[in-house]
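Here the structure is laid out as structure tokens; the discussion comes afterwards.
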Amino acid sequence: VQLQASGGGLVQPGGSPRLSCTASGSIFRVTAMGWSRQALGKQREPVAKVTRDDSPYYYESAKGRFTISGINAGNTVFLQMNRLEPDDTAVYYCDADTDTGAHYWGQGTQVTVSS
């Protein structure tokens, strides 16, 4: 499974960008896709995940401001981010779980929240 993330960039505080992650390859094996992020000097932390039947799960960093969607309708997962703050600045990584137990990561997309 290969993952291609896009949609990052420079965002003003309060902005609402949407990230996309498109899976290719053995996508029939994908059971869930999600997003994690890593800020400079910090550990990577999970943000949100959605299963093949479109059941979302949000980690603390995302609750109330981010929405994850997609996967069941195709091979693309979206992360709608709202009311961004400077602390949301990070490299956002897409990942996928498969029915073989393998886990895949995309290359990451930088989101910088700054005025």
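When restricted to residues that are on the phi < 0 side of the Ramachandran plot and at pLDDT 90 or above, the stretch 70-84 contains 8.
Here is a list: V50, V77. Which entry is touching a strand residue (DSSP E or B) at 6+ places or on another chain (Cβ under 9 Å), surrounded by 15 or more Cβ atoms within 10 Å (Cβ to Cβ) and within 19 Å of G9 (Cα to Cα)? Of V50, V77, the one residue that is touching a strand residue (DSSP E or B) at 6+ places or on another chain (Cβ under 9 Å), surrounded by 15 or more Cβ atoms within 10 Å (Cβ to Cβ) and within 19 Å of G9 (Cα to Cα) is V77. Do we find that S16 is among the small types (G, A, S) and under 14 Å from Y93 (Cα atoms) in this structure? No, not satisfied. Looking only at residues of the stretch 100-115 that are open to solvent by less than 20 Å² (accessible area, probe 1.4 Å) and touching a helix residue (DSSP H, G or I) at 6+ places or on another chain (Cβ under 9 Å), we find that the one that is nearest to L3 (Cα to Cα) is V111.
The residue that is farthest from R65 (Cα to Cα), among those in the stretch 10-32 that are modelled with pLDDT under 95 and exposed (fewer than 13 other Cβ atoms within 10 Å of the Cβ), is F28. Does any residue of the stretch 84-99 turn out to be among the aliphatic types (A, V, I, L, M), farther than 18 Å from Q4 by Cβ and either without any contact (Cβ under 8 Å) to a residue 60 or more places away in the chain or open to solvent by less than 80 Å² (accessible area, probe 1.4 Å) (or both)? For the stretch 84-99, residues among the aliphatic types (A, V, I, L, M), farther than 18 Å from Q4 by Cβ and either without any contact (Cβ under 8 Å) to a residue 60 or more places away in the chain or open to solvent by less than 80 Å² (accessible area, probe 1.4 Å) (or both): present.
Quick one: how many residues across the stretch 53-66 are assigned to a strand (DSSP E or B) and either at positive phi or open to solvent by 40 Å² or more (accessible area, probe 1.4 Å) (or both)? Walk me through it before giving the result.
Applying the first criterion (assigned to a strand (DSSP E or B)) to the stretch 53-66 yields 56-58, 66.
Keeping just the survivors that are either at positive phi or open to solvent by 40 Å² or more (accessible area, probe 1.4 Å) (or both) gives 56-58.
Of the residues in that region, 3 qualify.
Listed by first and then second residue, the pairs linking a residue in the stretch 25-42 that is on the phi < 0 side of the Ramachandran plot and in a loop (DSSP other than H, G, I, E, B) to a residue that is open to solvent by less than 60 Å² (accessible area, probe 1.4 Å) and modelled with pLDDT under 95, with Cβ atoms under 6 Å apart and 6 or more places separating them unless they lie on different chains, are S26/V1.
The values are calculated or read from the model by the stated rules, or taken from the named source; none is laboratory data. Just so you know, these numbers come straight off a predicted model, no measurement behind them. For neighbour counting, all protein chains shown are included, and Cβ atoms are generated from backbone atoms with ideal geometry for every residue, glycine included. The protein model used for the area step is the full one, side chains on, heavy atoms only, and it has no ligands, DNA or RNA in it. Shrake-Rupley method; radii C 1.70, N 1.55, O 1.52, S 1.80 Å.
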